[in-house]
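Just so it is clear, none of the values below were taken in a lab; they were calculated from the coordinates. Remember, it's a predicted structure, so these values are computed and weren't measured experimentally. All Cβ positions, even for glycine, are placed from backbone atoms using ideal geometry, and neighbour counts span all protein chains on display.
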């Protein structure tokens, strides 16, 4: 039983988010939450909140889901349209350009481990 959760337009660069998502991919949900709690990366709280949402989605989908068997099947970050701020940075020859900040879409897919 797959369960999905996504966080769109997260105000973090894709490169920073991918390092944290790569760290928890394939791990048990409880272990991943524990690691995210003690990780000093700026994307860790966002990913932890997203993982909590995915767990809640799994419980909503199936009341009898075993949380000990849940693991992170897929975790990835995509680039979102950049947000232009209402501030400008001075450039050469008296020109100015808008400040552009990185924005990303984060996705997590959970699944239950089956004994093989």
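Against the numbered list (1) in contact with a helix residue (DSSP H, G or I) (Cβ under 9 Å, 6 or more places away or on another chain); (2) surrounded by fewer than 20 Cβ atoms within 10 Å (Cβ to Cβ), residue 10 comes up short only at (2).
Scanning segment 85-94 for any residue that is over 15 Å from residue 1 (Cα atoms), out of contact with any strand residue (DSSP E or B) (no Cβ under 8 Å at 6 or more places or on another chain), surrounded by 14 or more Cβ atoms within 10 Å (Cβ to Cβ) and free of Cβ contacts under 8 Å to residues at least 40 places away in the same chain turns up nothing.
For segment 18-60, which residues satisfy the criterion of being in contact with a helix residue (DSSP H, G or I) (Cβ under 7 Å, 6 or more places away or on another chain), surrounded by fewer than 21 Cβ atoms within 10 Å (Cβ to Cβ) and under 16 Å from residue 112 (Cβ atoms)? Correct list: 55 only.
Could you go through segment 99-109 and let me know if any residue there is out of contact with any helix residue (DSSP H, G or I) (no Cβ under 9 Å at 6 or more places or on another chain) and free of Cβ contacts under 8 Å to residues at least 24 places away in the same chain. Yes: segment 99-109 contains one or more residues that are out of contact with any helix residue (DSSP H, G or I) (no Cβ under 9 Å at 6 or more places or on another chain) and free of Cβ contacts under 8 Å to residues at least 24 places away in the same chain. Here is the figure for segment 95-116: residues that are more than 18 Å from residue 20 (Cβ to Cβ) and out of contact with any strand residue (DSSP E or B) (no Cβ under 7 Å at 6 or more places or on another chain) total 4.
Residues of segment 77-112 being part of a loop (DSSP other than H, G, I, E, B) and more than 21 Å from the chain's Cα centre (by Cα), which ones? Before the answer, list the steps.
Our first condition is that a residue be part of a loop (DSSP other than H, G, I, E, B); within segment 77-112, this holds for 80-82, 91, 95, 102-103.
Passing the criteria: 91, 95.
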